[in-house]
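Step one of this worksheet: look at the structure below.
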Amino acid sequence: MTRFFFVLLSLLLSSGLFAQSNRQENFNSDWRFLQADELQFRHVHVDDKQWKAVTLPHDWSILSDFGAEFPAGNAGGALPGGIAWYRKTFPIATADKGKHITIHFDGAYRYTEVWINGHYLGKHSNGYLSFSHELSSYLHYGGKPNVLAVRVDNSQQPNSRWYSGSGIYRDVVLSYKDVTHFIPEEVFVSTPLVSKDEGTVRVRASIANPANQKLTAAFSLIDDKGKVVAESKEKMQDAAIDAIFSVNNPKLWDVSSPNLYRLQMTLLTAQGKVLNRFEQRIGFRSIAFDVHKGFFLNGQQLKLKGVCLHHDLGALGAVFNKSAAKRQLLIMKDMGANAIRTAHNPPAPALLDLCDELGILVYNEAYDMWQKRKNKFDYHVDFKEHHVADLQAFVKRDRNHPAVIMWSIGNEIREQFDSTGTVLTKEMTAVVKALDDTRPVTAALTETNYEKNFIAQAEALDVLGFNYKFEDYDKLPKEFKGVPLIASETTSGLQTRGVYDALHDTIQFWPASSKDKFVTNGNPDFSVSAYDNVAAYWGTSHERAWLEVKKREFLGGIFVWTGFDYLGEPVPYPYPARSSYYGIVDLAGFPKDVYYMYQSEWTEKEVLHLLPHWNWKAGEMVDVWAYYNQADEVELFLNGKSLGKSQKTAERLHATWQVAFAPGELKVVKYRDGKAVQEQIRYTAGAASQLKAEVTHDDFVTGDKTDLYFVEVQLQDVDGHAVQHDDIELTFLSADNATIVGTDNGFQADLRSLSSPQRKTFKGKALAIVRLQDQTRAGSIRVKSKLGELTVSLLPKKTE
Ligand code: GAL
């Protein structure tokens, strides 16, 4: 009887009667985790009950204390690697027999081996790329549990120039596909013609069609209101289709209105029976690069105002979280950034979804090295065997995102200096072009002499990116004739938020030259001044880099190193420094002052920002700076007395004064056409006497189950003035329905684990990252300190 039922069911499934659409199940919950390396854990019968219960995404490295002893070194974040196992037991419904059931990992670091019910499915070596395994033929259906065992090996260290994290650190989903189906990674949708009046959609797709049926593919384009705005039907030729149809008056996707459509794709039999549905989000936009005029979006010239971002999310480590990533992106967008560079690896797919939704252009990068290493155990060991397949998987995965505007095949690749670079560039460019003929291929280079640059000599790249070396910008168009250019990396300015210790306008280079590994005259407390006047010797101040790119129309844009501080690469210091100083925003998400320089240059907002704080020794001479825009001049007042007016100049993007400190009020006033239009005051603050806690940026919350809340704490004196000269110890306590996930204060040499609920404020600020256990109701945390106790309420985002 049961057997008969199965046969009938399979017949029905293959006839398509029950088939509807590919389905995906979030597979992040109910995993067991153990840091150990016993190969027997791959078997079905392992007692994993005592293992730690974890929810993915998960990064075991970030949970550790920092330490000098870890082989990743402080460049790798001063955190451990190692080997660990993840196991998950799950049922599969009988009704799903016959489907293609596949497990997808968005990313795991690093070598990841997977077993299902004891069957080995394979090993994946690229820690930043998504991968999947088909499970169907090894699964038990109905009652019997299935066991997935995953071994993640990040024991060979050092393998990265920055913090990698360890574990299954991105989402996992289980997908169920109909027998006959669109193969997701073979679906490529582009918009070859885009104008206000008409948009064309081109769909290239392959299908799995085991019964060799005669099929028709139908397409419906659906707008954000759910209205079908275009429809098309076409007969499949063999297992592939290449269809074009158009829509009138498409709402274009751009950085200010990222309009998206849903493309619904349906597979039908000759009798009109639906066999499979697949949905792809698309945006109508055109991109172009010009040798003289840089970048164009939808026919309009647009300077790429970009930042480089590494993949970690501060105190979360490598764990990808949508609300944390959204917070980062919105902080960047609010500053005026319209682009990011995913330095130097494929990002989480969900990051690209966010960029599509927020209107942020993406310079999508594949590799930091090819066969020549930068680190003993880095990807160079896998390059030969995997680089072509990895590049193909990367392009197939990301080519349907309107946000992605170019592919980078590498950053500062060593092969640019010898002829192997020419061969590999030709090879890899061809690999990308075979899968995507709509976007330029680029690389981030340092060699500015054509004769010596073997990557450029391949004459294969559509856009050349140059890192640093702004002194050479003017010679680039002559050296690399006829190729559009961008400043793929600039700046490498160094700053600790809230630290001001330089009393002059000259740039200091820390370290000073390639002779020094570390700065020789740095600050004993491992801080760096946040006036924009310290940079690594290969870099410049933020102002200088932007000025140099701004004045050259032929440069399509700038990608500042970096938007946020990141874990690892703490130039210019040795351990205990463990995270970078390069960010415009610190690791906790608090902007450094230079954030407002960008905002004044990159946005239409009214900007006025005065630095530094106003707590100094009596009589001490203090450099005072103001960033502003849309004004002729600004005037500084100390306790009501004018200290004079100051302006920006063609070569300086801030106003400046030298002031002998006296306590009180330091005020800056901005004048437009002689009228005061904006002012800002820094007060000499008294002792810390209260805490202000804000759950900032409610917009970051997405309404998803994975949402996190960012509680920003500011020390204040009795009058409510911000305190920056005093710091206190805080303890964040989970209270009602809330869990503390991590804490931070943005200081690069704070050695307390980022997963600790205790955190000392730094320059008056601290952050707690909180999860609501039940996302449908409110929760609260408490913040305890010597100043007393504070309750912070967290309200879930209302979902419509
Ligand atoms: C660049 C490199 C980046 C980062 C940066 C630090 O040369 O591409 O990954 O290391 O230097 O200044």
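Every number in this text was worked out from the coordinates using simple rules, so none of it is lab data. All values derive from a computational prediction rather than experimental measurement. Backbone-built Cβ (ideal geometry, glycine too); neighbour counts: all protein chains shown.
Taking each DSSP H run with n ≥ 4 as -39500 (n - 2.57) and averaging over every residue of the chain yields -3500 deg cm²/dmol at 222 nm.
Full extension of the chain between Asp516 and Glu789 yields a length gain of 93.6 nm, computed as 0.36 nm times the residue separation minus the alpha carbon distance. Roughly how far apart, in whole Å, are the Cα centres of the stretch 275-305 and the stretch 32-75? So the separation of the two Cα centres works out to 41 Å. Remark on the stretch 339-447: Rg and Dmax equal 13.6, 41 Å (Cα only). Note on His43, His542, His292, His133: ascending count of other Cβ atoms within 10 Å places them as His292, His43, His133, His542, the fewest first. Between the amide H of Trp253 and those of Asn259, Phe284, Arg285, distances stay under 5 Å, these residues lying 5 or more places away or on another chain, with hydrogens modeled in the peptide plane. With neighbours defined as other Cβ atoms within 10 Å of a residue's Cβ, the residues Tyr537, Tyr581, Tyr367, Tyr573 order from fewest to most as Tyr537, Tyr573, Tyr367, Tyr581. Going out from 0 in 20 Å bins, what whole percent of all Cα-Cα distances in the chain drops into each bin? Going from the shortest bin to the longest, the percentages are 15, 47, 32, 6, 0. May I ask for the percentage of alpha-carbon pairs in the stretch 217-336 that lie more than 23 Å from each other? Within the stretch 217-336, distances greater than 23 Å cover 55 percent of Cα pairs. Structure note, pairs Lys322/Lys760; Lys452/Lys478; Lys372/Lys478; Lys374/Lys517; Lys765/Lys786; Lys692/Lys786: Cα-Cα distances above 18 angstrom occur for Lys322/Lys760; Lys372/Lys478. Model label sites at Gln690 and Thr89, defined 7 Å from Cα along the beta-carbon direction, differ in position by 5.4 nm. Legend: helices of the chain (whole DSSP H runs) are marked when their alpha-carbon atoms reach 18 angstrom or more along the helix axis and their mean Kyte-Doolittle hydropathy is at least 0.5; marked are 2-15, 420-435. This model, with +1 at the C-beta of Lys and Arg and -1 at the C-beta of Asp and Glu, gives the chain a dipole about its Cα centre of some 1520 debye.
Under the combined filter of DSSP loop state and at most 13 neighbouring Cβ atoms within 10 Å, the stretch 180-239 retains these trypsin sites (Lys or Arg not before Pro): Lys196, Lys214, Lys225, Lys227. Extension gain for Lys372-Lys273 works out to 30.3 nm (0.36 nm per residue, less the C-alpha to C-alpha distance). When both the stretch 600-639 and the stretch 401-440 are represented by their alpha-carbon centers, they are found 44 Å apart. Relative to the current alpha-carbon distance between Val381 and Lys551, full extension at 0.36 nm per residue lengthens the span by 57.0 nm. Computed from the C-beta positions of Ser232 and His43 and an R0 of 35 Å, the FRET efficiency is 0.10 to the nearest 0.05. In the stretch 375-522, Cα pairs under 8 Å separated by at least six residues give a relative contact order of 18 percent. If you plug the beta carbon distance of Leu733 and Ser206 into 1/(1 + (r/R0)^6) with R0 = 51 Å, you get a FRET efficiency near 0.40. Modelled spin labels at Lys641 and Asp223, positioned 7 Å past Cα toward Cβ, are 6.4 nm from each other.
With r as the distance between the Cβ atoms of Lys797 and Ser29 and R0 = 22 Å, compute the FRET efficiency 1/(1 + (r/R0)^6) and round to 0.05. The formula returns an efficiency of 0.60 here.
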